[in-house]
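This report refers to the structure that appears directly beneath it.
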Amino acid sequence: MPEAFLQLRYLATAATLRGPESLIGRSVYCTIIIPNPSISRIHASITRENGGTFVRDLGSRNGTTVNGTRIGAQPVPLRPGDVLTLGDLRCIVEPCAPGPRNVATTDRPSAPDYEDSDSTTKIMIAGRGHPDGQ
């Protein structure tokens, strides 16, 4: 069976989840950097294991929910169509085509500046705070 890939869509951005783990937060150490002030420096982790995708909160200040239910450190399954809320940022979990690297795309040409590499997707959303700010 082919491996399923997921992406998070928020604002006008889609961040593809690749590899065994994606850390989400404001820190430069995260796989997906979202400089929203309601998101903690290291907010949540999305892991892929045994054919499934799971999310867990990493002790964030403003919490993480899946379909309106607050989650904690225990992994919770993620499926296409789920609504993942990180702080006050609402994300939709969507299926996507497989590809060789982490990528970020945008529906509007002037939106996020990002750096794309084999190991990191860095997404900077204009006007949404600074990753090093509290």
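The values are calculated or read from the model by the stated rules, or taken from the named source; none is laboratory data. Every value quoted in this text rests on a predicted model; they were computed, and no experiment measured them. As a convention, Cβ positions derive from the backbone with ideal geometry for all residues, glycine included, and neighbour counts pool all protein chains shown. Side chains are part of the model used for accessible areas, which takes the heavy atoms of the whole protein and leaves out ligands, DNA and RNA. Shrake-Rupley method; radii C 1.70, N 1.55, O 1.52, S 1.80 Å.
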Original post:
Does E21 qualify as being over 14 Å from the mean Cα position of the chain (by Cα) and within 24 Å of A97 (Cα to Cα)?
Top reply: no
Original post:
Out of all the residues in the stretch 1-50, which are open to solvent by 40 Å² or more (accessible area, probe 1.4 Å) and among the aromatic types (F, W, Y)?
Top reply: Y29
**OP:** Could you please let me know if P109 is over 15 Å from P35 (Cβ atoms), surrounded by fewer than 17 Cβ atoms within 10 Å (Cβ to Cβ) and either modelled with pLDDT of 50 or more or touching a Leu at 6+ places or on another chain (Cβ under 9 Å) (or both)?
**Re:** no
Original post:
Just one of the numbered conditions (1) at pLDDT below 95; (2) at positive phi is not true of G87; which one?
Top reply: (1)
